[in-house]
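Have a look at this one before I ask anything.
Bear in mind that the values in this text are calculations on the coordinates, not laboratory data. Just so we're clear, the structure is a prediction, and the values are computed from it rather than from any experiment. Here the Cβ is made from the backbone with ideal geometry for all residues, glycine too, and neighbour counts use every protein chain on show.
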Amino acid sequence: MMSLETRDFLRLIKNKMGIIILFGLIVSLISFYAFIFTQKRYETTTDYLIVQDQMGTQDFYSLSKSAEYLGGVLSEAVYSSVFINELKNTNKISPAYFPLDERESQKKWKKAVEIEKSPNLGIMKVRVYDNNRETAIGISQGISEIMVTKNYLFRGKVNLDVRVLSGPVTEKNPSIGKILLVVAGGFVLGGILKLIHIYYAFMMVMFKRDEREEYLNSLKEMK
């Protein structure tokens, strides 16, 4: 059976349900605006297939694991200073896009590019974010040029073939799915925070009640 305190707490939650929902809605609204105003307006996506040329007696499993490793190397290389310099040389973007300071350039670049890997399939998805549609497309085209024609700068002596599977595809950002996820997450977070607040307040009341009962009992014993 439930204790008296548990029943009281559940009754309190039932009475406070309107406030819990309201707080969840407020947090979800704040999350929505914070998310919208911090996102770039456009997202350009390009998919790449990474294939290692078969050499000697290497079996398919070895080739697959090697391509998986090299895909990881390429995905990390995208964020390097070497890659940024090569991107500048493609003339696909304005020279003013990157700050003069190298550290600031890398910081901006890491926010602009997102990489998603599917190691088992040898597929790498590169997303580029920017407020200007043409800039996002230009960056994606520059990345593709380096990936396809200059991947030797990052893979060593391994024979590797990088092919563009699809893209660049440009869409408005953020997507409806991302917005709904943020709003739902904000609502749940707000509800949980309010529940924690209610629980803390309830426990404080219980603690003070117990203290008062102990005090009254001590007075009775003194008589």
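By how many nm would the segment from residue 103 to residue 121 grow when fully extended, if each residue of separation counts as 0.36 nm and the alpha-carbon distance is taken off?
Details: separation 18, 0.36 × 18 = 6.48 nm, distance 3.34 nm.
Computed gain between residue 103 and residue 121 is 3.1 nm.
Modelled label-to-label distance, residue 132 and residue 201, 7 Å Cα→beta-carbon offset: nm?
5.1
Between residue 82 and residue 36, what is 0.36 nm times their sequence separation minus the Cα-Cα distance? Round to one decimal in nm.
Details: separation 46, 0.36 × 46 = 16.56 nm, distance 3.22 nm.
Taking residue 82 through residue 36 to full extension adds about 13.3 nm, to one decimal.
May I pose another question? Below 8 Å between Cα atoms, with a sequence gap of 6+, how large is the relative contact order for the stretch 83-170 in percent? Intermediate results must be reported in sequence, preceding the final value.
Working: 64 pairs, mean separation 24.0, N = 88.
That works out to 27 percent.
With a point put 7 Å past each Cα toward its Cβ, work out how far residue 25 is from residue 10 in nm, to one decimal.
Reported label-point gap for residue 25 and residue 10 is 2.7 nm.
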